[in-house]
Amino acid sequence: MRRTLLTLLLALPVAASGQVSPKSSQSLPREIRREVVTRWNASNTSGVRAADKLELEAGRDVNGDVSVLHGPLIIGGHVSGNVLAVNADVTLRATAHIDGDVLIVGGQLDRSASAHVDGSIRIYRQPLALREDGDKIAALDDDIPDEDSWWRRLEQRTRSDSRSEFLRIVQAGPYNRAEGLPIELGPLVQRPTPWGSVRFNTAAMLRTATSFSSERSDVGQRLRGEVRFGHDHGIGVGAGAYNIVDGVETWQLSDLETALAAFISRRDYRDYFARHGASGYVTAFGDHDLNVSGSFAVERWSSRVARNPFSILNGEHAWRENPSMDEGLFHIATIRASLDTRTDPVDPWSGWFASADVEHGAGTQTSIAPTSFPRLNPLGPVTYTRAFVDLRRYNRLSPTEQLNMRLVAGGWVGGDPLPLERRLSVDGPAALPGFDFRSGRAGPDVGTCNDPPVLPSRPAECDRILLTQIEYRGDLPLDLFSSWEDWPFRFRGAHGAATWVLFADAGRGWKVGTPSDGITYSRGALPPLSTFRADLGLGLDLSIIGVYAAKSVSTPAEPINYFVRLRHRF
Amino acid sequence: MRFVLAFLLVLLTAPLAAQETRPRLDIMLGATPAQDGPLIVTTNLLADPHTRDLLVNGAFPERMHFRLELWRKGSVFDDLDGRTEWDMLVSYDPTQKLFNVVRRLENQFEDFGGFPTVTAADLQIARPFRVPLRPDQSGHYYYNLIVEVRTLTETDLAALQQFLRGTPQATSQPLSWLGKNLGRLMSRVLGGNTRQYAQQSDLFGVP
């Protein structure tokens, strides 16, 4: 008996907590109270006004405002003005059409999907405590201090991006063998203006894998400023000066994947070089579908040696050597354009993603890096032009299946041979996962365009690349992790916790010149498709982490490769 | 033997217990989907312990961003026929000890007032909400609902404080929280304060 009573007593608060009504003592924001009182008291001179139930049937036309106290208000006709409902519910039938705004306090809105409201709709569930004085009203709690709408302040803060930070500490790039973890440390000022926004930040770049001796360029710098004209769309103009370490090819694995692979397993999938210079740019922004930008930079490029940063695994092995790069002073003009109509950039189910850039460089090379092929790059003045395209199409076949395709092409277009920093490869888990990254193979390597004897660092040496990827994805009706609250699986699919992936890739790189060795082709020629590398694979995508297996089909002797990717492959 | 049985009992009931607080999304179609939009019901969006901790103890507002997509079945590929997005904000006022809830959908703003508990605020969020997104031509359709729940942080330093307290910011920091178990490490690295849920409706036809 006592147990039953105790159980009932414990159950009561649970039941009580199910009630949803707002706390009655919470009052409306002052500006709303004043607006409601002002509008109601002025409403007796125009429009339609009622102190109890009011129904405007379909076909009825009201020229002016409609105001109701206590209500309810039912609208099926046309109102040319505004609607005010005080402590009243409002129903908009399918034939309702309101030209102005709707303001409801102390009530709810039941709106047919076909009802039209041309202005704004504001609904405050809190009732207005009022005193009726004839045909006028007065708010009872006008002496309560003004509570500035918390959501309005919050929206203004989050929307305006206005902030000043005396000390901003952010990660400046992926963890890598040339820097360790680069950390940007410095102030940031960002201000919206009536005509756009202004942003300025300056930072020191600290690299954890260095000695912090400025004589060895271990501490970098970055100074950036940007002015934007327009809020949702417009033109942006910016400039900056920097002394940073950058990746040679950043289009393959994401920064996060590159960093995790380096930090966890001591495998760094990028090569790096130092950039010291200044740049200016103009960008047209707006509808996130299309963005265009142009930039001009003056930079000094130089090599970076691999340090010995910490990794969780394989600490007994040395890092892959970071290849030497061409050095010199370059003037670089770049035009970039991107189009993104994907339904969701993180988990796209349909749409296009296209990115293209054309780069023209002119400068003076003071040092030529060693490569496996004899270099034709001259010391002294050089000019080059390079183009790069990444084109993707996402197609939804059904609620649970999709077919996605990607085409990547780029490389030398004209002028002198590309500096090593601008050469390309199709090698590794992001391009052709059936082939191990930078592994030794007999004969010319069509992934990196290395020719034996290859250098230990195996830099990317291709003048041009072409890569196609296709994948077929389908929901897997399993629900494995619903009880794992802290599992990184935070995206819960409709039908299950995983997606199976079937994929195929084909691609290769080549050099441009006098045809030879199956690596070099003339400038207008495409290598035969039979020379392309190809692989097939399948995997399980757990929404954030995917595990995959890939097998080369063009080179059967290659073993199966197992790898992990974050989110989608592309 | 009793220990083994007790352990098995805990193992079996843990998922069931988790089910009670597991976020749930429902898309309810009416009898005439071409005339009325679907009813959306989302429950337990604030049930996550980390979310509640940030909301109550950290006083960081929670933003729930909803995206409802209407897809039309095609002969080969399905097409996105329409999309509606809306937000709900939940903020804790420590002076009044109330959890305030507002919703914004295009030009419609709704202030639900304050609630005494997170559970009460969650129940308000869970109330069915009709979204004016419906097909305007014949064909076969389905809805796709994506909900992103995110803790709003204001500055990088505030996010860093969260990070040091064990509550990560919503940007990628691959060197977070070594020494914790793999799940917590990967959560910090990959998820941050953002949780995302998705649901699809059944296929329906419009004559």
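The values are calculated or read from the model by the stated rules, or taken from the named source; none is laboratory data. These numbers were taken from a predicted model, which means no experiment stands behind them. Neighbour counts run over all protein chains shown; Cβ positions are idealised from the backbone, glycine included.
Looking at A:LEU476, A:LEU466, A:LEU480 in this structure, which one is over 19 Å from A:GLU558 (Cα atoms) and at pLDDT below 55?
Working: A:LEU476 fails: at pLDDT below 55; A:LEU466 fails: at pLDDT below 55.
None of the other options fit; the residue is A:LEU480.
Just name the residue that is farthest from the other protein chains (Cβ to nearest Cβ) out of those in the stretch B:31-69 that are in a strand (DSSP E or B) and surrounded by fewer than 21 Cβ atoms within 10 Å (Cβ to Cβ).
At the first step, the residues of the stretch B:31-69 found to be in a strand (DSSP E or B) are B:39-43, B:62-69.
Filter once more, keeping what is surrounded by fewer than 21 Cβ atoms within 10 Å (Cβ to Cβ): B:39, B:41, B:43, B:63, B:65, B:67.
On the way: B:LEU39: 11, B:VAL41: 14, B:THR43: 12, B:ARG63: 8, B:HIS65: 12, B:ARG67: 8 Å.
Filtering the stretch B:31-69 for residues that are in a strand (DSSP E or B) and surrounded by fewer than 21 Cβ atoms within 10 Å (Cβ to Cβ), the one farthest from the other protein chains (Cβ to nearest Cβ) comes out as B:VAL41.
What number goes with the only condition from (1) under 30 Å from A:ARG406 (Cα atoms); (2) touching a strand residue (DSSP E or B) at 6+ places or on another chain (Cβ under 6 Å) that A:SER279 does not pass?
Among (1) under 30 Å from A:ARG406 (Cα atoms); (2) touching a strand residue (DSSP E or B) at 6+ places or on another chain (Cβ under 6 Å), the lone unmet condition for A:SER279 is (1).
Given (1) crowded, with 19+ Cβ neighbours inside 10 Å; (2) within 14 Å of chain B (Cβ to nearest Cβ); (3) of a type in the set (Val, Ile, Thr), identify the lone condition not met by A:VAL189.
For A:VAL189, the failing item is (1).
Just to be sure, is A:VAL62 among the hydrophobic types (A, V, I, L, M, F, W, C), out of contact with any Cys (no Cβ under 9 Å at 6 or more places or on another chain) and surrounded by fewer than 19 Cβ atoms within 10 Å (Cβ to Cβ)?
It is true that A:VAL62 is among the hydrophobic types (A, V, I, L, M, F, W, C), out of contact with any Cys (no Cβ under 9 Å at 6 or more places or on another chain) and surrounded by fewer than 19 Cβ atoms within 10 Å (Cβ to Cβ).
Within the stretch A:375-383, identify whether any single residue is within 14 Å of chain B (Cβ to nearest Cβ) and either surrounded by fewer than 16 Cβ atoms within 10 Å (Cβ to Cβ) or among the polar types (S, T, N, Q) (or both), and answer yes or no.
no
For the stretch B:125-154, which positions are β-branched (Val, Ile, Thr), touching a Ser or Thr at 6+ places or on another chain (Cβ under 9 Å) and part of a loop (DSSP other than H, G, I, E, B)?
Step one: filter the stretch B:125-154 for residues β-branched (Val, Ile, Thr), giving B:125, B:131, B:146-147, B:149, B:151, B:153.
Applying the additional criterion that residues be touching a Ser or Thr at 6+ places or on another chain (Cβ under 9 Å) yields B:125, B:131, B:147, B:149, B:151.
Within the stretch B:125-154, B:VAL131 is the sole residue that qualifies.
Any idea how many residues of the stretch B:88-124 are in a strand (DSSP E or B), surrounded by fewer than 19 Cβ atoms within 10 Å (Cβ to Cβ) and out of contact with any helix residue (DSSP H, G or I) (no Cβ under 9 Å at 6 or more places or on another chain)?
Adding up the residues that qualify gives 2.
Kindly provide the set of residues from the stretch A:344-374 that are free of Cβ contacts under 8 Å to residues at least 40 places away in the same chain and within 14 Å of chain B (Cβ to nearest Cβ), ordered by number.
A:ASP344, A:PRO345
Taking only pairs six or more apart or across chains, which ones have beta-carbon atoms under 6 Å, a first residue in the stretch B:49-72 that is closer than 14 Å to B:VAL90 by Cα, and a second residue that is among the small types (Gly, Ala, Ser) and buried (at least 16 other Cβ atoms within 10 Å of the Cβ)?
B:PRO61/B:SER91
Taking the options A:ASP390, A:ASP416, name whichever one is of a type in the set (Asp, Glu) and within 24 Å of the chain's Cα centre (by Cα).
Values: A:ASP416 fails: within 24 Å of the chain's Cα centre (by Cα).
Residue meeting the stated conditions: A:ASP390.
Here is a list: A:ALA239, A:ALA261. Which entry is touching a strand residue (DSSP E or B) at 6+ places or on another chain (Cβ under 8 Å) and more than 25 Å from A:SER350 (Cβ to Cβ)?
Numbers: A:ALA261 fails: touching a strand residue (DSSP E or B) at 6+ places or on another chain (Cβ under 8 Å).
Going through A:ALA239, A:ALA261 in turn, just one is touching a strand residue (DSSP E or B) at 6+ places or on another chain (Cβ under 8 Å) and more than 25 Å from A:SER350 (Cβ to Cβ): A:ALA239.
Using the structure shown, decide if A:PRO419 is out of contact with any helix residue (DSSP H, G or I) (no Cβ under 7 Å at 6 or more places or on another chain), more than 14 Å from chain B (Cβ to nearest Cβ) and surrounded by 17 or more Cβ atoms within 10 Å (Cβ to Cβ). Give the steps one after another, and end with the answer.
Numbers: out of contact with any helix residue (DSSP H, G or I) (no Cβ under 7 Å at 6 or more places or on another chain): yes; more than 14 Å from chain B (Cβ to nearest Cβ): yes; surrounded by 17 or more Cβ atoms within 10 Å (Cβ to Cβ): yes.
Spelling it out, A:PRO419 is indeed out of contact with any helix residue (DSSP H, G or I) (no Cβ under 7 Å at 6 or more places or on another chain), more than 14 Å from chain B (Cβ to nearest Cβ) and surrounded by 17 or more Cβ atoms within 10 Å (Cβ to Cβ).
Select from the stretch B:86-118 the residues that are aromatic (Phe, Trp, Tyr) and free of Cβ contacts under 8 Å to residues at least 40 places away in the same chain and write down the one among them that is nearest to B:LEU55 (Cα to Cα).
B:TYR92
Go through the stretch A:246-259 and report how many residues are within 13 Å of chain B (Cβ to nearest Cβ) and more than 18 Å from A:PHE570 (Cβ to Cβ). Before you say what the answer is, go through the steps one by one.
Here is the first cut: in the stretch A:246-259, the residues within 13 Å of chain B (Cβ to nearest Cβ) are A:253-259.
This time we only want the ones that are more than 18 Å from A:PHE570 (Cβ to Cβ), so: A:259.
Total satisfying the criteria: 1.
Filter the stretch A:384-407 for residues that are away from chain B (no Cβ under 14 Å) and touching a Lys or Arg at 6+ places or on another chain (Cβ under 9 Å) and give the result. Working first, answer last.
As a first pass, look at the stretch A:384-407 and keep what is away from chain B (no Cβ under 14 Å): A:384-392, A:406-407.
Listed by number, the residues that qualify are A:TYR384, A:ARG386, A:ASP390, A:LEU391, A:ARG392, A:ARG406, A:LEU407.
Please go through the stretch A:542-563 and pick out each residue that is more than 14 Å from A:PHE503 (Cα to Cα) and within 14 Å of chain B (Cβ to nearest Cβ).
A:LEU542, A:SER543, A:ILE544, A:ILE545
It is to be established whether one or more residues within the stretch B:79-94 are at pLDDT below 90 and more than 12 Å from every other protein chain (Cβ to nearest Cβ).
No; the residues of the stretch B:79-94 include none that is at pLDDT below 90 and more than 12 Å from every other protein chain (Cβ to nearest Cβ).
Which condition number in (1) over 30 Å from A:ASP255 (Cα atoms); (2) surrounded by 15 or more Cβ atoms within 10 Å (Cβ to Cβ); (3) among the polar types (S, T, N, Q) is the one that A:ASN561 fails?
It fails just one condition, (1).
What tally of residues in the stretch A:280-309 results from selecting those that are part of a loop (DSSP other than H, G, I, E, B), touching a residue at least 60 places away in the same chain (Cβ under 8 Å) and surrounded by 14 or more Cβ atoms within 10 Å (Cβ to Cβ)? Before the answer, list the steps.
So in the stretch A:280-309, the residues part of a loop (DSSP other than H, G, I, E, B) come out as A:286-289, A:304-309.
In the following step, the residues that additionally are touching a residue at least 60 places away in the same chain (Cβ under 8 Å) were identified as A:304-309.
Remaining after also requiring surrounded by 14 or more Cβ atoms within 10 Å (Cβ to Cβ): A:304, A:306-307, A:309.
Looking only at that region, the number is 4.
Only one residue in A:ASN82, A:ASN87 is touching a residue at least 24 places away in the same chain (Cβ under 8 Å) and either in contact with a Phe, Trp or Tyr (Cβ under 9 Å, 6 or more places away or on another chain) or under 16 Å from B:PHE109 (Cα atoms) (or both), so which one is that? Explain how you work it out, then say what you get.
On the way: A:ASN87 fails: either in contact with a Phe, Trp or Tyr (Cβ under 9 Å, 6 or more places away or on another chain) or under 16 Å from B:PHE109 (Cα atoms) (or both).
Testing whether each residue is touching a residue at least 24 places away in the same chain (Cβ under 8 Å) and either in contact with a Phe, Trp or Tyr (Cβ under 9 Å, 6 or more places away or on another chain) or under 16 Å from B:PHE109 (Cα atoms) (or both) leaves just A:ASN82.
For the stretch A:509-529, which positions are exposed (fewer than 15 other Cβ atoms within 10 Å of the Cβ) and over 15 Å from A:PRO444 (Cα atoms)?
A:THR514, A:SER522, A:ARG523, A:GLY524, A:ALA525, A:LEU526, A:PRO528, A:LEU529
Quick one: how many residues across the stretch A:317-373 are hydrophobic (A, V, I, L, M, F, W, C) and under 23 Å from the mean Cα position of the chain (by Cα)?
At the first step, the residues of the stretch A:317-373 found to be hydrophobic (A, V, I, L, M, F, W, C) are A:318-319, A:325, A:329-330, A:332-333, A:335, A:337, A:339, A:346, A:349, A:352-354, A:356, A:358, A:362, A:368-369, A:373.
Those left that are additionally under 23 Å from the mean Cα position of the chain (by Cα): A:335, A:337, A:339, A:346, A:349, A:352-354, A:356, A:358.
The number of residues fulfilling the criteria is 10.
On the given criteria, is B:THR13 within 16 Å of the chain's Cα centre (by Cα), among the β-branched types (Val, Ile, Thr) and either at pLDDT 80 or above or part of a helix (DSSP H, G or I) (or both)?
On the way: within 16 Å of the chain's Cα centre (by Cα): no; among the β-branched types (Val, Ile, Thr): yes; either at pLDDT 80 or above or part of a helix (DSSP H, G or I) (or both): yes.
For B:THR13, the condition - within 16 Å of the chain's Cα centre (by Cα), among the β-branched types (Val, Ile, Thr) and either at pLDDT 80 or above or part of a helix (DSSP H, G or I) (or both) - is not met.
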